[in-house]
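Take a look at the structure set out below.
The values are calculated or read from the model by the stated rules, or taken from the named source; none is laboratory data. For clarity, every value in this text was computed on a predicted model and none was experimentally measured. Don't worry about glycine lacking a Cβ; one is built from the backbone with ideal geometry, like all the others, and counts go over all protein chains shown.
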Amino acid sequence: MLALDPDVTYCLGITAHPDPGAIARIIEPFAKLGLVPLSINARLFSDAGELTVDVQIAGIGPDQCRRIANQIAAMPVVRRVVTGEKQVLG
């Protein structure tokens, strides 16, 4: 098992249909695992008919990030999920 790197923040960029329950559904996989994201930013682009949600989370590894991203991507309300990571330079 890989040790968690405390200096890595995982970023998930989600594009979803502008559904009233979309944000709650997107955050649910984190809550089920007892995880609290560092930040959650959502923005509705009504002219494009899409909702974007950006989530940043630390304290997980790349495999767990991938599993969460796959769970979110499988939701009917979600159109696309992209992931990335950023490292704190100290």
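Some notes on this structure:
- Some residue of region 9-18 being within 16 Å of ALA69 (Cα to Cα) and in contact with a Cys (Cβ under 8 Å, 6 or more places away or on another chain): yes
- Residues satisfying the stated conditions in region 4-46, i.e. small (Gly, Ala, Ser), within 16 Å of GLU85 (Cα to Cα) and either loosely packed, with under 14 Cβ neighbours inside 10 Å or touching a Leu at 6+ places or on another chain (Cβ under 9 Å) (or both): SER39
- Search result, residues across region 10-26 that are in a helix (DSSP H, G or I), aliphatic (A, V, I, L, M) and under 15 Å from ALA74 (Cβ atoms): ALA22, ILE26
- Members of region 43-86 found to be in a loop (DSSP other than H, G, I, E, B) and over 16 Å from CYS11 (Cα atoms), listed by number: SER46, ASP47, ALA48, GLY49, ALA74, MET75, PRO76, VAL77
- Failed condition for LEU89, given (1) part of a strand (DSSP E or B); (2) modelled with pLDDT under 95: (1)
- Number of positions in region 42-68 that are in contact with a helix residue (DSSP H, G or I) (Cβ under 9 Å, 6 or more places away or on another chain) and over 16 Å from ALA24 (Cβ atoms): 3
- Some residue of region 47-65 being among the polar types (S, T, N, Q), surrounded by fewer than 12 Cβ atoms within 10 Å (Cβ to Cβ) and either without any contact (Cβ under 8 Å) to a residue 40 or more places away in the chain or in contact with a Gly (Cβ under 7 Å, 6 or more places away or on another chain) (or both): no
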